[in-house]
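This report refers to the structure that appears directly beneath it.
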Amino acid sequence: MKTIRFRIAVSVKTQRTPILQKNETMFLSSSRPYHSITIWYWFYIVCIVFSTACTQSTSNDIPPNIIIILTDDQGWGDLGYHGNTNLSTPHIDSLALQGAVFENFYVQPVCSPTRAELLTGQYFPKMGGYDTSAGGERMKAGVTTIANTFQRAGYVTALYGKWHNGMQPPYHPNSRGFDDFYGFASGHWGNYFDPMLEHNGKVVRGKGFLVDDLFRHGMDFITQNRKKPFFLMLPVNTPHSPMQVPDNYWDKFKGKTLTMRYGGPEREDINFTKAALAMVENIDWNVGRLTKHLRNLQLEENTMVVYLSDNGANGWRWNGGLKGRKGSTDEGGVKSPLFIKWPKRIDAGLRFGQLLGAVDLFPTLANLASVSLADTLNIDGINYGQSIRKGNDDRIHRIIYNHWNGKTSVRSQRYRLDHKNRLYHIETDKGQLHDLSQLHPKIVDSLSNLRQQWLGEVAPYVDRSRKKPFTIGHPHHKFTHIPARDGMAHGSIQRSNRWPNDSFFTNWTHTSDAITWNVAVLSDGIFDVTLYYTCKPENVGTKIELSLADASLETTITDSHDPQLMGMENDRFPRMESYIKDFKPLSMGHIKLKKGKARLTLRATEIPGKGAIDFRLLVFERLSP
């Protein structure tokens with residue numbers, strides 16, 4: 001039977017809702033189509049007459065899939081697209097060439113703040129962020145995330161990779177709108193080859209190189225959900241240190257002469273740069289196979305792929321002349337690539353000079369996908385969806401705030417006022433070489449006032465977050481991880497490294513030593529507790545006690561497990577983080593906990609040898625309410 005094609009024109013009205021903020025008026029655009037009853041009546045009649053042509057919706061009605069690729073410590077200049085000839089990134093570059101490029105996109109100087117802003121659309125201090133470990137990375141509980149929003153709109157959601165916004169529920173990814181999580185919740189990880197990870201709270205072993213493994217999980221997720229709209233985040237762990245990458249990528253760089261070098265006064269370490277670039281080329285290979293996978297499943301046309309980094313480069317290397325690196329509130333610490341490819345809706349070659357920040361992604365992506373936002377959301381970000389759809393780069397007044405470690409800089413479309421009140425015309429002076437503060441005191445005063453107002457608004461949120469305990473026993477989650485990272489050592493016990501995220505406790509020599517955590521048990525329950533430890537043969541027989549309020553349990557270490565430190569064999573450059581061990585799980589037994597706040601304590605009641613154990617992790621598994 002011959003297919004009859006027809007088109008009905010529908011009137012669409014676009015409303016522009018003014019959102020008044022201090023010192024500037026902005027507009028949050030939203031398309032709200034309305035259709036007359038007559039149009040729908042005739043549409044119904046046509047469908048009855050031509051039923052074979054109306055058995056399914058047009059392709060325009062299909063919600064787009066969303067994939068967000070977030071790299072870790074990749075600088076703006078670590079791409080061929082931005083002019084770096086030291087490496088080759090054809091697959092990432094193709095996202096830019098076939099989609100929209102945002103030339104003035106800004107994140108925060110370090111990992112967890114950027115992730116909090118992307119996930120919530122709110123400035124990270126409002127989420128309670130004040131550190132990158134020991135609880136300071138946790139996002140405020142109960143705040144709606146981008147994953148919550150897409151989940152409620154009918155999307156299946158997943159996150160594979162580095163989370164870094166809280167480990168214990170209700171801060172865990174499964175508590176923040178992600179149906180499936182595979183990866184690690186800490187800020188950095190100590191091993192990228194077959195590492196210990198978690199899958200929805202259950203400890204598992206990764207397979208192969210971690211970035212490859214994460215993309216593999218992502219592609220499997222896409223295959224399984226190809227007939228549903230999906231929202232997938234791939235926050236990969238590279239090029240964050242430790243500098244580990246498979247041989248075939250490293251071999252390309254280890255003997256290579258790098259022609260593009262860092263031009264500032266600080267010293268560039270060439271081997272570190274080579275390792276970072278090799279890691280980026282591995283990401284590029286994975287982006288290529290993800291794109292091919294979408295194409296093979298005929299999903300490429302209606303899948304929105306978003307690519308960005310979480311902060312500036314983690315070393316002094318070529319970065320397009322930008323000043324600063326990771327941790328800095330200058331351009332080089334906070335400028336990130338942002339590419340959005342969506343063949344169905346975004347024309348190839350679009351370029352946007354308008355200022356955008358990480359807080360803008362939530363409302364913008366939701367608008368592009370026609371996903372409505374709850375009226376109760378207090379989003380700081382701006383919705384640029386209409387501009388992207390129309391290819392319209394009309395500039396609106398916009399201020400970007402970059403803040404970390406007591407330093408705050410302010411970026412307008414033309415200027416950056418740094419944390420020392422030096423003013424730069426950033427459009428022509430990306431290296432921040434010429435201080436114009438004496439020439440434009442009114443601009444300095446204006447931007448300085450905006451900064452003080454912003455700091456005044458966000459400071460109270462951070463102060464309230466510093467004393468929050470770690471949580472155990474969320475009623476809707478089976479597993480809770482209590483790692484060495486979040487503990488406090490007492491007596492002779494020492495942390496394996498000053499950077500807590502992948503550390504363990506060692507040098508446990510006395511029965512008076514202890515490890516403690518200030519915790520809040522969220523609901524009553526009986527839990528099985530698993531201890532991850534190592535123990536020298538001469539220390540077998542050590543008795544370990546775990547106590548919380550009136551509850552306690554004790555176990556005896558009966559098996560020695562004394563593996564060597566790992567990590568250095570795969571490092572391409574000496575690390576600053578802790579080396580790791582293969583820790584052994586031991587069920588300590590069951591403990592009954594009551595709701596409330598208390599101190600969780602781990603101590604050795606008997607030490608027959610010269611020491612007790614090295615400690616990495618406790619896992620609480622809920623057995624009953």
Got a number for the accessible area of CYS535? Probe 1.4 Å, square angstrom, nearest 10. 0 Å²
Indicate the gyration tensor shape class of segment 267-422 (rounded, prolate or oblate), computed on the Cα atoms with a ≥ b ≥ c the square roots of the eigenvalues: a/c under 1.5 is rounded; otherwise a/b larger than b/c is prolate and the rest oblate. oblate
Accessible area of segment 379-440 divided out per residue, in Å², using a probe of 1.4 angstrom: 48 Å²
The pairs in LYS140/LYS467; LYS126/LYS468; LYS323/LYS407; LYS207/LYS536; LYS254/LYS335; LYS228/LYS390 lying past 19 Å Cα-Cα in this model are LYS207/LYS536; LYS254/LYS335; LYS228/LYS390
Can you pull the percent of segment 215-326's accessible area that's carbon plus sulfur, 1.4 Å probe, other chains left in place? 47 percent
Length gained when the stretch ARG351-THR376 is fully extended (0.36 nm per residue, less Cα-Cα span): 5.7 nm
Around GLY609, under 15 Å between beta carbons, what's the net of Lys plus Arg minus Asp minus Glu among the other residues? -3
Counting DSSP beta bridges with both ends in segment 423-547, the antiparallel % (nearest 5): 60 percent
Within segment 322-357, which residues have the backbone N less than 15 Å from the label spot 7 Å out from ASP393 along Cα→beta-carbon, could you tell me? 338-340, 347-356
Give the ranking of TRP316, TRP454, TRP250 by solvent-accessible surface, highest area first, calculated with a 1.4 Å probe. TRP316, TRP250, TRP454
Can you figure out the FRET efficiency of HIS490 with GLU457, using R₀ = 35 Å and their beta-carbon distance, to the nearest 0.05? 0.35
By accessible area with a 1.4 Å probe, ligands and nucleic acids excluded, highest first: order of TRP342, TRP76: TRP76, TRP342
Relative packing of peptides 174-182, 160-168 - highest average C-beta neighbours within 10 Å first: 160-168, 174-182
Length gained when the stretch THR605-ASP559 is fully extended (0.36 nm per residue, less Cα-Cα span): 14.8 nm
Cα→Cβ-extended label distance, 7 Å offset, between LYS252 and SER587, nm: 4.7 nm
Using a 1.4 Å probe over the heavy atoms of the protein chains, calculate the carbon and sulfur portion of the accessible area of segment 169-212 as a whole percent. 51 percent
Mind checking the per residue accessible area of segment 134-214 for me, 1.4 Å probe, whole number of Å²? 25 Å²
Taking all protein chains together and a probe of 1.4 Å, list VAL306, VAL204 from the most accessible to the least accessible. VAL204, VAL306
Over segment 109-256, what is the percentage of antiparallel beta bridges among all DSSP beta bridges, to the nearest 5? 45 percent
May I ask what percent, to the nearest 5, of DSSP beta bridges between residues of the chain are antiparallel? 75 percent
Between LEU297 and GLU569, what is the FRET efficiency for a Förster distance of 56 Å, r being their Cβ-Cβ separation, to the nearest 0.05? 0.90
In terms of the Cα gyration tensor, with a ≥ b ≥ c the square roots of its eigenvalues, is segment 318-384 rounded because a/c is under 1.5, prolate because a/b exceeds b/c, or oblate? oblate
For segment 244-334, what does the alpha-carbon gyration tensor say about shape, rounded, prolate or oblate, given a ≥ b ≥ c as the root eigenvalues, a/c under 1.5 as rounded, and a/b over b/c as prolate? oblate
Quick one: accessible area per residue over segment 487-555, 1.4 Å probe, rounded to a whole number of Å²? 39 Å²
Give me the extension gain from LYS543 to ASN271: residue separation times 0.36 nm, minus the current Cα-Cα distance, reported in nm with one decimal. 93.3 nm
Local charge sum around LEU548 (other residues, Cβ-Cβ under 15 Å, Lys/Arg +1, Asp/Glu -1)? +1
Rounded accessible area of HIS590 (nearest 10 Å², 1.4 Å probe): 120 Å²
Using label points projected 7 Å from each Cα along Cα→Cβ, tell me how many nm separate ARG466 and LYS595, to one decimal. 3.0 nm
Tell me the carbon and sulfur percent of the accessible area for segment 369-425, rounded to whole percent, probe radius 1.4 Å. 40 percent
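The values are calculated or read from the model by the stated rules, or taken from the named source; none is laboratory data. These figures come from a predicted structure and were not determined experimentally. Cβ sites come from the backbone with ideal geometry, for glycine too, and all protein chains shown count toward neighbours. Calculation scope for accessible area: heavy atoms of the full protein, side chains included, ligands and nucleic acids excluded. Shrake-Rupley method; radii C 1.70, N 1.55, O 1.52, S 1.80 Å.
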